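All of the numbers you see were taken from the coordinates with simple rules; none came from a lab. These numbers come from a predicted model, not from an experiment. Cβ placement follows ideal geometry from the backbone for every residue including glycine, while neighbour counts extend to all protein chains displayed.
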Amino acid sequence: MKIVQRGFSIVSAIFLLVVLSFLGLAMTTFSTTQHQSAAMDVMGSRAYQAARAGIEWAAYNVAQSPASSPAAWGGCAAGVGVAVGGSLAPFSPVTVNCVAASHVEGPSTMWIYNVSAVASTGGAPGGQDYVARVIDVKLGK
């Protein structure tokens, strides 16, 4: 008695096609995730640099102010928008807030500034492309 087996190779070929398709899909998903993660890392670095630019702006204004009075740069506690450009433009304006406090040491008055700079993309927090960085520093003069 002779047993004829036909169609076995087609089953193997379909199985290999399905396995290779899933493997290709997994590689594509992994690659896309890696690219998005790298892009978010770059945006995070840019947000940090934009916030740092806001702190530098505040430090410059504190340095230029007279020592006898607090720095007056557009309402210290109100939150000033600092424009940044170039590759930092998605984070413009950077919001700079500060609180000034005076301390008397002998015959001189020392001004201490608690400065906070917030750089964000302007999207809704929790959104897919929302990136924000906050830097807090103390400046004195």
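Just how far, in whole angstrom, is the range 22-53 from the range 88-141 if you go by their alpha carbon centroids?
The two parts, judged by their Cα centres, are 27 Å apart.
Scan around Val131 for amide H atoms under 5 Å from its own, H built in the peptide plane at 1.01 Å from N, and keep only partners 5 or more places away or cross-chain.
Those lying under 5 Å, H to H, from Val131 are Thr121, Gly122, Gly123.
Between Ile112 and Ser37, what FRET efficiency follows from the Cβ-Cβ distance if R0 is 25 Å, with the result rounded to 0.05?
Efficiency, rounded to the nearest 0.05: 0.05.
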